[in-house]
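Let me begin by presenting the structure, written as structure tokens, before commenting on it.
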Amino acid sequence: MKIKRTLDKIPGGMMVVPLLLAATINTFFPNALRIGGFTEALFVNSSSALIALFLLIAGTQITLKSAGSSIKKGTTLLIIKWIIGAAVGLIAIFLADDESGLFLGLAPIAIIAAMTNSNGGLYVALVGQYGKEDDKAAYPILALNDGPFLTMVALAIFGAMGFTNGLFSPVSFIAVLVPVLVGVVIGNLDHEMGAWLQKGGDMLVPFFAFSLGMGIDFSAIIEGGLGGIVLGVLTVLLTGGISYFVFKAFGWNPIVGAAEGSTAGNAVGTPAAIAAANAAFAPVAEIATVQVAASVVTTAILLPIFIGFLVKRLEKSGGVAKYNEPKVQ
């Protein structure tokens, strides 16, 4: 069987096929792999550890000279995601129905939560296939959008509620950054060690993608309804599409920008956190939660397909490879 050759023919195949396979298993046979031991440890609970190792390996390829590029790219993506999510959310707040608090069936806090919070696992998997090491090392900056922090900031700026301290811990950011820093130290102290570790980086992608898929339930799309699906589509097209063109304008790999067009699983808890901080949002917290959940699943399926379309589009102008070639000094 030509498994690898087949996966290579599918855009993002090393990530999307294991992820969808696992999501199918989790939806229809959720306990099939949750039997404890090594089986559950590898196929269900391994994503965090494998992504951490993937980031450490990426760090070994980062020189002190290229670290600034990672910070620039990560910060740019973080800002783009927040501006788009906040802007669309603000429009929804202004145009929302006074009685239901919804705009075209969508809760404004669901829009902000889904669009400002990205799936780091999807980003790492996609960039692992189409990007460079400094693109992967931008991930710790992007981790700043995890949880309700940026949603709270947006609502505070809009005057919808007062800014609440304590929802974001700097320790959480440091915890994401440490594996990359360890890799940077190893790679700069011993280039041979860095070269040896690099050989195993790509092998991790299908395994942590499968584990990520075991956290996806297709029923969330049904429960979240059409509104949640629309939210997921908008998240991919707006945050991923605009980031694509911004990165292209900067001369960076635009696929890396588009890879941020997703909603993270932990964003599902944001509406409840917002409602707990301000009871005014309690009436829409429940519907916002299921809409964000639907967006998580929708973006996990749609983003790799969108990336595949963009990769084919780039092939007409030299493809992704031209952005990954070392620059001549």
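About the Cα centre of the stretch 224-329, what is the dipole size in debye to 20, counting +1 per Lys and Arg Cβ and -1 per Asp and Glu Cβ, all else neutral? Could the numbers behind the result be given before it?
On the way: 6 positive and 4 negative charges, 93 e Å.
In total the dipole reaches around 440 debye.
The phi-based Karplus calculation (6.51 cos²θ - 1.76 cosθ + 1.60; θ = phi - 60°) puts the 3J(HN,Hα) values of the stretch 228-235 at x, 5, 4, 4, x, 4, 5, 4 Hz, whole numbers, x for Gly and Pro.
Between the Cα long axis of helix 67-95 and the first principal axis of the chain there is an angle of about 20°, rounded to the nearest 10. GNM, the chain, Cα, under 10 Å: largest mean-square fluctuation among Phe29, Phe103, Phe207? Answer for the Gaussian network model of the chain: Phe29.
Rolling a 1.4 Å probe across all protein chains gives Arg34 an accessible area of roughly 80 Å².
In the complete set of protein chains, residue-level accessible area for Asp202 is approximately 90 Å², probe 1.4 angstrom. Which stretch or stretches of the stretch 73-116 have amide N atoms under 15 Å from the point lying 7 Å from Val233's Cα along the Cα→Cβ direction? Correct set: 104-106. Helix 282-315 and the long axis of the chain differ in direction by around 30°, with both axes built from C-alpha atoms. By the helix-only formula, in which each DSSP H run with n ≥ 4 contributes -39500 (n - 2.57) and the sum is divided by residues, the chain has a 222 nm mean residue ellipticity of -21000 deg cm²/dmol.
Charge tally for Met14 (other residues, Cβ to Cβ under 9 Å; Lys, Arg +1; Asp, Glu -1): -1. Between the helical axis of 191-201 and the longest alpha-carbon principal axis of the chain there is an angle of about 50 degrees. Taking all protein chains together and a 1.4 Å probe, the residues Met14, Met115, Met193, Met203 rank Met203, Met193, Met14, Met115 from largest to smallest accessible area.
Could you report the chain's accessible area per residue, 1.4 Å probe, as an integer in Å²?
On the way: 15260 Å² over 329 residues.
Here the residues of the chain average 46 Å² of exposed surface.
Charged side chains reduced to their Cβ positions (Lys and Arg at +1, Asp and Glu at -1) give the stretch 1-135 a dipole of some 740 debye around its Cα centre. For Thr235, the shell of other residues with beta-carbons less than 11 Å away shows a net charge of 0, using +1 for Lys and Arg and -1 for Asp and Glu.
Could you order Thr76, Thr239 by accessible surface area, starting with the largest, using a probe radius of 1.4 Å? List each step's numbers first, then the result.
Working: Thr76 25, Thr239 0 Å².
From most accessible down to least: Thr76, Thr239.
Taking all protein chains in place and a 1.4 Å probe, what share, in percent, of the accessible surface of the chain do carbon and sulfur account for? Can you show the working numbers first?
Values: 10460 of 15260 Å².
Result for the chain: 69 percent of the exposed heavy-atom area is carbon or sulfur.
Among the listed pairs Lys81/Lys322; Lys9/Lys199; Lys199/Lys248; Lys81/Lys316, those with a Cα-Cα distance over 23 Å are Lys81/Lys322; Lys199/Lys248; Lys81/Lys316.
Just reorder Val290, Val124 by solvent-accessible area, largest first, 1.4 Å probe, all chains present.
Numbers: Val290 30, Val124 0 Å².
In descending accessible area the options line up as Val290, Val124.
Across Gly13, Gly37, Gly187, mean-square fluctuation computed from a Gaussian network of the chain (C-alpha pairs under 10 Å connected) peaks at Gly37. Taking Gly120, Gly74, Gly105 in turn, the Gaussian network model of the chain (Cα-Cα springs below 10 Å) assigns the largest fluctuation to Gly105.
The relative contact order of the chain, computed from alpha carbon pairs under 8 Å that lie at least 6 residues apart in sequence, is 28 percent.
Between Ala175 and Leu95, the contour length at 0.36 nm per residue exceeds the alpha carbon distance by 24.9 nm.
The values are calculated or read from the model by the stated rules, or taken from the named source; none is laboratory data. This structure is a prediction, so every number in the text was calculated from the model and none was measured. All Cβ positions, even for glycine, are placed from backbone atoms using ideal geometry, and neighbour counts span all protein chains on display. Only protein heavy atoms, including side chains, enter the accessible area calculation; ligands, DNA and RNA are left aside. Shrake-Rupley method; radii C 1.70, N 1.55, O 1.52, S 1.80 Å.
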